[in-house]
Amino acid sequence: MKKIGVKLLQLSMLIITFFAVSTAASASSIMGYQPKMPVELQKKL
Amino acid sequence: MERLIQKIIKTYKKHDQIDQSQEAILEYGIYLIFSTILGAICTLGVSILLGIFSIVAMILLTMSILRYVSGGAHFIKMGHCIFMTVVITNTMGLVVQYIPISFGGIFTLSLFCFIFALRNILRYAPADTPQKPIDNKHHRKKLRQQSLVLICIWFIGVILSFVNDWKTTSKVLLATTLAIAWQCFTLTPKGYQFYAQIDTFFEKIKGKKQKKEAL
């Protein structure tokens with residue numbers, strides 16, 4: 001059970017990272033709020 | 001909001017090894033997901049109450065897709081963004097639902113909107129912000145081209161509807177026209193000015209509230 005929980009947590013991390021990276025590659029976020037893009041992500045692009 | 005995000009990151013840290021760069025990316029991603037989900041829930045929730053869910057969903061989707069490639073002005077706070085998205089999209093929804101415009105009239109509006117969109121995209125897209133600057137020339141060119149392609153596909157759809165006299169699509173056409181017109185307005189310097197003025201207005205209200213509470 002605990003293993004499944006950790007796997008789900010990792011999956012959510014993957015989804016969040018994907019969302020962050022795809023937004024970084026786009027012109028802007030899809031809503032009217034744009035948080036400051038981290039330097040780490042700017043370097044990766 | 002800040003506390004909630006830090007709590008989520010702590011949970012990730014407990015169960016998985018993440019370094020500083022991963023943490024920064026996660027924080028950014030969580031902010032984006034929260035603002036998107038909260039914005040969509042509030043906007044669509046109000047639209048359900050007003051009985052214009054499908055129209056507002058269409059407007060929101062059109063604006064989001066175009067904003068993704070063309071960029072545009074942004075609010076400085078998530079709350080301002082959510083409130084204004086609810087107001088703007090639902091007002092547009094009410095216009096589409098209750099103001100009768102002939103099919104020919106909608107086509108004329110769409111044509112003007114297409115010209116307005118072309119002009120603004122060619123001049124200003126991708127419109128970036130200090131929070132997320134786009135410096136790469138190649139990237140900028142690609143995003144501008146994608147915006148142009150999207151607008152052209154939309155207008156081909158409009159022409160097809162008009163030529164085939166698909167009157168049932170009139171609400172869809174008007175909804176997408178208004179959404180594109182607004183989104184293209186946010187690309188312009190006047191659009192940026194408008195968003196900044198709204199931000200200042202909200203900050204003033206907050207300042208007054210805080211003063212009252214302090215007294």
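The values are calculated or read from the model by the stated rules, or taken from the named source; none is laboratory data. Bear in mind that the values here come from a model prediction, so they are computed numbers and not experimental data. Here the Cβ is made from the backbone with ideal geometry for all residues, glycine too, and neighbour counts use every protein chain on show. The protein model used for the area step is the full one, side chains on, heavy atoms only, and it has no ligands, DNA or RNA in it. Shrake-Rupley method; radii C 1.70, N 1.55, O 1.52, S 1.80 Å.
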For chain B: rounded, prolate or oblate by the Cα gyration tensor [a/c cutoff 1.5]: prolate
Reachable lysines from B:LYS141, criterion Cα separation under 23 angstrom, eight or more residues apart if same chain: A:LYS36, A:LYS43, A:LYS44, B:LYS132, B:LYS190
Residue with peak Gaussian network fluctuation, chain B [Cα springs, cutoff 10 Å], from B:ASN120, B:ASN90, B:ASN136: B:ASN136
Dipole magnitude of chain B about its Cα centre (Cβ charges: Lys, Arg +1; Asp, Glu -1), debye to nearest 20: 440
Average beta-carbon neighbours from other chains, 10 Å sphere, peptide B:16-28: 5
Pairwise label distance in nanometres, B:VAL163 with B:LEU50, each label 7 Å out on the Cα-Cβ vector: 3.4
Using a Förster distance of 30 Å, the FRET efficiency for B:ILE8-B:LYS206 (Cβ separation, nearest 0.05): 0.70
Per-residue [θ]222 nm for the protein assembly as shown (sum of -39500 (n - 2.57) over DSSP H runs n ≥ 4, rounded to 500): -27000 deg cm²/dmol
Cα-centred dipole magnitude for the protein assembly as shown, charges only on beta-carbon of K, R (+1) and D, E (-1), debye, nearest 20: 500
Inter-probe distance in nm under a simple model that places probes 7 Å from Cα toward Cβ, at B:THR108 and A:LYS2: 7.2
Segment B:53-207, relative contact order [Cα under 8 Å, separation at least 6], %: 45
Kyte-Doolittle mean at least -1.0, axial Cα span of 24 Å or more - DSSP H helices of chain B: B:20-50, B:53-70, B:78-98, B:103-124, B:137-163
Solvent-accessible area buried by pairing B with A, both sides, nearest 100 square angstrom, 1.4 angstrom probe: 3400
Simple label model, 7 Å out from Cα along Cβ direction - B:LYS142 to A:LEU14, nm: 2.4
Accessible area (Å², per residue) of the protein assembly as shown, counting only protein heavy atoms and a probe of 1.4 Å: 57
Heavy atoms of B:ASP16 accessible to a 1.4 Å probe, total area in Å² rounded to 10: 40
Segment B:65-215 - percent of accessible surface contributed by carbon and sulfur, probe 1.4 Å: 68
Violating pairs (Cα-Cα greater than 26 angstrom) within the set B:LYS10/B:LYS211; B:LYS7/B:LYS77; B:LYS13/B:LYS137: B:LYS10/B:LYS211; B:LYS13/B:LYS137
Proximal aspartates and glutamates to B:LYS14, defined as alpha-carbon separation beneath 17 angstrom and excluding residues fewer than eight positions away on the same chain: B:GLU23, B:GLU27
Residue-averaged beta-carbon neighbours from other chains (10 angstrom radius) around B:57-65: 1
Diffusion constant of the protein assembly as shown at 10 °C, which comes from Stokes-Einstein with the Kirkwood Cα-pair radius and 1.306 mPa s, µm²/s: 80
Most mobile listed residue (B:LEU32, B:LEU148, B:LEU61) in chain B, GNM with C-alpha springs under 10 Å: B:LEU32
Paramagnetic reach from B:ILE65 (point 7 Å along Cα→Cβ, amide N under 18 Å) across segment B:150-179: B:150-162, B:169-179
Selection from B:THR168, B:THR186, B:ILE156, by position along the positive dipole direction of segment B:154-215 (Cβ): B:THR186
